[in-house]
Amino acid sequence: MPAGPVIVDNTPLVALWTLRRLDLFQLLFDEVLAPAAVYAEFLTTERALRQSALATASWIRPASLADPRRADTFVGIGRGEAEVLVLAQERHARLVVIDDLRARRYARRLAMPLTGTMGLLVQAKREGYLTEVAPLIHELQMAGIFFSASLVADVLMLAGEAE
């Protein structure tokens, strides 16, 4: 994989935490960076549990922006997503892990290498770290994380689990 860090947004972080699989970040990428706004957003609920998880996941590191004002240039997305995009530009990220549709559009316009929670699950299965993705998708949906039916169908097809 090319040089440069992997930058993660809140939803993929929450998703892997929900699945108790933050280790997939380490297995797939060694380490990932999360901008300050993403860290803060991740810790807004279940703070003690999530802090504990991050404390044991040393491969997920907080990172500051060189110029935080640049995040203000991204209109129509949250602060966390904007900081992910800025950090990716500043650090020449090899990959951006983000689920938000508007933020993904910005990333595509900026020609950033891009994946999301579902892409991580498929990659983890392909690399032998997961045996199935369907039960994990179901668990995320039961936890209130929304994925469109067409995305789920596409992911199950990619993972070789389509009916």
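Listed by first and then second residue, the pairs linking a residue in region 32-53 that is without any contact (Cβ under 8 Å) to a residue 12 or more places away in the chain to a residue that is in a helix (DSSP H, G or I) and of a type outside the set (D, E, K, R), with Cβ atoms under 7 Å apart and 6 or more places separating them unless they lie on different chains, are Leu43/Gln51.
When region 7-60 is filtered for residues that are under 15 Å from Gly80 (Cα atoms) and either touching a Leu at 6+ places or on another chain (Cβ under 6 Å) or of a type in the set (D, E, K, R) (or both), the ones remaining, listed by number, are Ile7, Asp9, Pro35, Glu41, Phe42. Test Gly80 against the criterion of being small (Gly, Ala, Ser), closer than 23 Å to Met118 by Cβ and at pLDDT below 95, and give yes or no. In short, no. Determine which member of the set Ala36, Ala15 is closer than 18 Å to Ala143 by Cβ and either buried (at least 19 other Cβ atoms within 10 Å of the Cβ) or of a type outside the set (S, T, N, Q) (or both). Residue meeting the stated conditions: Ala15.
When region 34-79 is filtered for residues that are touching a Ser or Thr at 6+ places or on another chain (Cβ under 9 Å) and among the small types (Gly, Ala, Ser), only Ala36 remains.
Checking the stated criteria, Ala88 turns out to be of a type outside the set (S, T, N, Q), out of contact with any Leu (no Cβ under 6 Å at 6 or more places or on another chain) and buried (at least 21 other Cβ atoms within 10 Å of the Cβ).
Of all the listed residues (Ala153, Ala162, Ala107), the sole one being assigned to a loop (DSSP other than H, G, I, E, B), at negative phi and either free of Cβ contacts under 8 Å to residues at least 12 places away in the same chain or small (Gly, Ala, Ser) (or both) is Ala162. If you go through region 127-141 and keep only what is in a helix (DSSP H, G or I) and either touching a residue at least 12 places away in the same chain (Cβ under 8 Å) or acidic (Asp, Glu) (or both), you end up with Ala134, Leu136, Ile137, Glu139, Leu140. Return yes or no: is Leu87 over 13 Å from the mean Cα position of the chain (by Cα), of a type in the set (A, V, I, L, M, F, W, C) and assigned to a helix (DSSP H, G or I)? For Leu87, the condition - over 13 Å from the mean Cα position of the chain (by Cα), of a type in the set (A, V, I, L, M, F, W, C) and assigned to a helix (DSSP H, G or I) - is met. Within the option set Leu33, Leu95, Leu65, Leu87, being touching a helix residue (DSSP H, G or I) at 6+ places or on another chain (Cβ under 6 Å), modelled with pLDDT of 95 or more and closer than 15 Å to Pro5 by Cα holds for one residue only, Leu65.
The values are calculated or read from the model by the stated rules, or taken from the named source; none is laboratory data. Just so it is clear, the structure is predicted and the values come from calculations on it, not from any experiment. No Cβ is skipped: glycine too gets one built from the backbone with ideal geometry, and neighbour counts run over all protein chains shown.
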